[in-house]
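Right, one structure below, let's go through it.
The values are calculated or read from the model by the stated rules, or taken from the named source; none is laboratory data. Bear in mind the structure is a predicted one, so any value in this text is a computation, not a measurement. Every residue, glycine as well, gets a Cβ built from its backbone with ideal geometry; the counts of neighbours run over all protein chains shown.
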Amino acid sequence: MTKRLAGNVPKALSAPVSQGYSIDARKLTTRLLNASIKSGVSKGRHITILNPDARHNLAVGIVKRCSLSFAGSVGYYCCAFCDGISATIEGNSGWGLGDNLMSGSIVIRQDAGASVGASMRGGQILVWGNAGARAGISMKGGTLVIAGNSGFLTGFMMQRGRIIVMGGVGDAAGDSMYEGIVYVGGEIGSLGVDAKTESATESEEVELRAFLKALKFRDDILPRRFRKIVSAKRLYHYDSLEPLERERLVI
Amino acid sequence: MERLHSAHLVGIGTMTAKAYFHHRPWEEVMCGIAAILYKTGESTRSQAVGLQLREMLYSMRHRGVDSTGVNIAGQHFGTDYVVRVVVSEDQGASHVIEGVRNAVAALGGSIVFINDFGRFRRIGLNYSGDLGKLSDSILSVKGAEIHSIGRSSEVIKDVGDAYELDKKHHFSKVNGTHGLGHVRLATESQVDITHSHPFWAYPFPDITVVHNGQLTNYHKLKREFQQRGFRFQTHNDSEVIAVYIADKLSRRGKLGDVLEESLDDLDGTFTYVVSTDSGIGMAKDRWSAKPFVILETDEIVGVASEEVALRRIFPDDVRRVEPQEHEVLTWNVSLAPRIKVRLN
């Protein structure tokens, strides 16, 4: 099946030479479009996807080093299950951008939907706008940078890695975190269950600022101070007593 | 479809809340809602609301293929009310319509026109009495079900996707000032026309609701309303939202306040949109569990479960907004001059 699809692919590719291939998404079904992207990737060219029209499941499952850009908004699960990808999205994204990213980088120029970087294990996602609810849910590594604000349940059930939010975070931040760190430059709406705040140490601040500078953040837009949200680790040991039993013990 | 359906039910029964959120794919693909509203009330131009809803709903057909429905508001009917009725085939359509005619006449009303769309009838009538009585007497005719009663809006819903709906009902040619629509993946109640959205709020004219989610205190709310004499036509949890909103609106007035109250009174996951004679409003639950995006310019606002629907009608440079948890928004058409409707 894949072979037959791959045979159709070259027709969909056109070449505005300077930037590598461009693919017009409107002319293709999602399946053919993804096959076209993979075929272009195997040739080692930069690929520009025109008119993505916020469609779902674009550029998923690419496990090669490659360079992509989307000239518009993308839908759900864009760049999910990728390893080594370098992608730029000019518009917004739907839910689950960069789901399970292993390595590589994804840059989104506007807002990301809910669950950006869900379960990501490595690499880096940079959101220039705001992120929706549950950013970095169940993250297991890598770095998620949000230049704007992040929504409800940021870092929900996070297990490793770090989230850097330059703006504020919404309610229930860091709910049920196991490990990992959420750095927040702005306001914290409220803390989630078993999350606590600490102030970042000086060496952490220096490292963080150097990292953000390398991402082309200007000094004057960096927050003055970062606070960090980490796990209080009270949920590590499950308390099997009922409230009444506990009361009896205390008495 | 079946696989998704049963997997979802397993998800609720055996998983913890956290694991449920983890299984996002099922969480997200159930039902899609969309609405559009023109804020240019003074403009006499009738807006292609039907056509735009068709495009939006068709682009979200992957969220639900069981049924599709729209409510197009801001129309001019030329009669006091338009009643949308579906007639049962086993009773014999002409027999049922005769019954409806008699029921209306008995209350002193008169039927001006009846448009025929297969099993569906679009009835224009003049009537000045209590709407509750009118609805009850039409519903008492065996084989007749009401989809909507409106002074300036009507509900059009059927099984199949948006283009199939348009093929049967030609709603893409209906113009108005605002409207809403729904594509359904049935999870809580049966797949048939009456159980599909939008839901009309018995017995209040022009109020309809589309809903994406599940209400867990539906039975309790429904019982309370039934004890107060409200009538429910289906076993769908979304119908109770329509009745809830209409009941509160009739007593309190402001749509925004009523939606705000509903966030605490309704339990479960939901994002829903309400249409009234003068505008639309949306409410999103405290978990932010259901997707919703908004695109707004000075003249027009479009809302939908997914951006893919909005990009069908908005250019790329309009910034989209994603409302967060526990949020309510309303928009008004600033009461446009009534607009002429064309129907095939």
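Points to keep in mind about this one:
- Verdict on residue A:91 being within 9 Å of chain B (Cβ to nearest Cβ) and in contact (Cβ under 8 Å) with a residue 12 or more places away in the chain: yes
- Only one of B:230, B:204, B:199 that is aromatic (Phe, Trp, Tyr) and either closer than 30 Å to residue B:317 by Cα or out of contact with any Ser or Thr (no Cβ under 9 Å at 6 or more places or on another chain) (or both): B:230
- Total residues in the stretch B:306-322, condition more than 10 Å from chain A (Cβ to nearest Cβ) and buried (at least 24 other Cβ atoms within 10 Å of the Cβ): 0
- When the stretch A:51-110 is filtered for residues that are part of a strand (DSSP E or B) and either of a type in the set (A, V, I, L, M, F, W, C) or under 19 Å from residue A:28 (Cβ atoms) (or both), the ones remaining, listed by number, are A:66, A:68, A:69, A:70, A:71, A:85, A:87, A:89, A:106, A:107, A:108.
- The stretch A:97-115: number of residues that are in contact with an Asp or Glu (Cβ under 7 Å, 6 or more places away or on another chain) and within 12 Å of another protein chain (Cβ to nearest Cβ): 3
- The listed residue being at pLDDT 90 or above, among the aromatic types (Phe, Trp, Tyr), surrounded by 18 or more Cβ atoms within 10 Å (Cβ to Cβ) and closer than 19 Å to residue B:193 by Cα, out of B:81, B:58: B:58
- The set of residues in the stretch B:127-161 being part of a helix (DSSP H, G or I) and either at pLDDT 95 or above or more than 29 Å from residue B:57 (Cβ to Cβ) (or both) consists of B:132, B:133, B:134, B:136, B:137.
- Selection of the stretch B:81-128 for residues being out of contact with any Lys or Arg (no Cβ under 7 Å at 6 or more places or on another chain) and either assigned by TED's automatic domain parsing to the domain that holds residue B:207 or acidic (Asp, Glu) (or both) yields B:90, B:98, B:116.
- Residue count, the stretch A:148-200 (criterion: within 22 Å of residue A:236 (Cβ to Cβ), among the charged types (D, E, K, R) and assigned to a loop (DSSP other than H, G, I, E, B)): 3
- From the options B:167, B:173, B:157, residue that is free of Cβ contacts under 8 Å to residues at least 40 places away in the same chain and within 23 Å of the chain's Cα centre (by Cα): B:167
- Some residue of the stretch A:163-174 being within 13 Å of chain B (Cβ to nearest Cβ), out of contact with any Ser or Thr (no Cβ under 7 Å at 6 or more places or on another chain), buried (at least 23 other Cβ atoms within 10 Å of the Cβ) and among the hydrophobic types (A, V, I, L, M, F, W, C): no
- Qualifying residues in the stretch A:111-122 (those that are among the small types (Gly, Ala, Ser) and in a loop (DSSP other than H, G, I, E, B)) - the one surrounded by the fewest Cβ atoms within 10 Å (Cβ to Cβ): A:122
- Enumeration of residues in the stretch A:175-186 that are more than 14 Å from chain B (Cβ to nearest Cβ) and closer than 21 Å to residue B:287 by Cα: A:182
- In the stretch A:131-147, residue farthest from the other protein chains (Cβ to nearest Cβ) [restricted to those that are of a type outside the set (S, T, N, Q) and in a loop (DSSP other than H, G, I, E, B)]: A:147
To keep it simple, each residue is scored yes or no on (1) over 20 Å from residue A:124 (Cα atoms); (2) touching a residue at least 40 places away in the same chain (Cβ under 8 Å); (3) of a type outside the set (A, V, I, L, M, F, W, C).
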position	(1), (2), (3)
A:160	no, no, yes
A:179	no, yes, yes
A:188	yes, yes, no
A:192	yes, no, yes
A:212	no, yes, no
A:228	no, yes, yes
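- For residue A:77, the criteria (1) under 27 Å from residue A:21 (Cα atoms); (2) buried (at least 24 other Cβ atoms within 10 Å of the Cβ); (3) under 11 Å from the mean Cα position of the chain (by Cα); (4) more than 13 Å from chain B (Cβ to nearest Cβ) hold in every case but one, which is (4).
- Summed over the stretch B:84-123, residues that are touching a helix residue (DSSP H, G or I) at 6+ places or on another chain (Cβ under 6 Å), buried (at least 19 other Cβ atoms within 10 Å of the Cβ) and not aliphatic (A, V, I, L, M) total 0.
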